[in-house]
């Protein structure tokens, strides 16, 4: 166990893990925080601080459920804030406790299917202004290197980079509100029912 | 702050870090930027992780969507474009031979227009014979796998023969993967009918979003709903393998279909590791690299094959 704990993951592994286990739940977390009458500024602060705490992890191998880890981290950030401000809004603490508990285990059936997740990513990219969108499609979907994109579009690498930064800013903004479709779980079940006709 | 540098932001650094290792001066600028506000560390992680998240959008983004749901404008536009392509194919069809053999090499995936306006997308190491007659359109899959988008023609059913397995469609889209005496049938649009030669009475219909394993030995043909799995199963059409928790052993078997240089798993329990992600089918070494970081394996390329093993330190550890 001790040995295990000492093994640190490379940063790129952590980035990839956060990309697939934390980022998809950000909108849901924000929704949950807003639901407790926390101001938008405070929500931003809490989410940002949660990312800071995650960024300081040496390894994420011990985290079994990214979503509940993210929620728990945000919760502890919030509690710290309340303690520091020394004003405990009545009801806040019990509310977050209840909410976190019910969110503790999203369970396998609430996991997003690859398909839904891809749909969401596709929508995010499709929503970008045209120049950004083209560059994002070439880079993220076709996997072309920046240099190649610049060549194909006949612009400098600098221009590609600037557009990529602009696009990423817009997508991060969209991720704050654009839910990942967790709530679709019920809808999905009815969609996958089929009638099989038999012949003869 | 020095002048002349771009507008530093978490997004800027995330993009910069992605394209190449930073030159030393920029590395220093990045560290200074991070040191200015402790929260920037989190913002940078968020921006980088989002880029990584977006990379999951590969494969399906330009694949053909399943028939189910989504009426977005985008899909509409794509279907409309498909229609144009189909009618163009019909026009070209006059020039295409009515009998032909399509053979793909290992690693080759080909999209072939057929004489009736249908298209066949033929996967790696496959053999497909096309025989169009007045009353029916016969396609013989003697090896491998293919996905068909069938042009509507009520008077001439489109029949795929895979050994003793038969799949009949009028106007629809589906794939057939031959496995010796049996076949997997996946339907992406419309309805197909499938049966075993000699057991025509037990033919079964498969609707869009479902699949069936058809085998003489299996008795009754069972169809299973698989709408979410189908897009992933057909990712090969864009040269990708899509995994959502399948084992490394499964992934290696799939990737090996596309490459002469094979991947070999040397530590059996490694093969049971689940994987999630999109991988190019024709880049076994890149796949190996990804595996080394995803499940903590070690990769050794001995020239003939690419071996995947548990690193020695882990073996030692488990002996402790």
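Within the stretch B:237-261, whose backbone N sits under 20 Å from a point 7 Å along Cα→Cβ of residue B:213? Inside the label zone: B:242-257. Residue separation of residue B:266 and residue B:249 scaled by 0.36 nm, minus their Cα-Cα distance, works out to 5.0 nm of gained length. Can you put A:52, A:160, B:192 in order of Cβ neighbours within 10 angstrom, beginning with the fewest? Ascending number of Cβ neighbours within 10 Å: A:52, A:160, B:192.
What does the average come to when, for each residue of peptide A:10-20, you count the partner chain Cβ atoms lying within 10 Å of its Cβ?
That works out to 6 on average.
Readers should treat all values here as calculations from the given coordinates under stated rules, not as data from a laboratory. The structure displayed is predicted, hence computed values, not measured ones. All Cβ positions, even for glycine, are placed from backbone atoms using ideal geometry, and neighbour counts span all protein chains on display.
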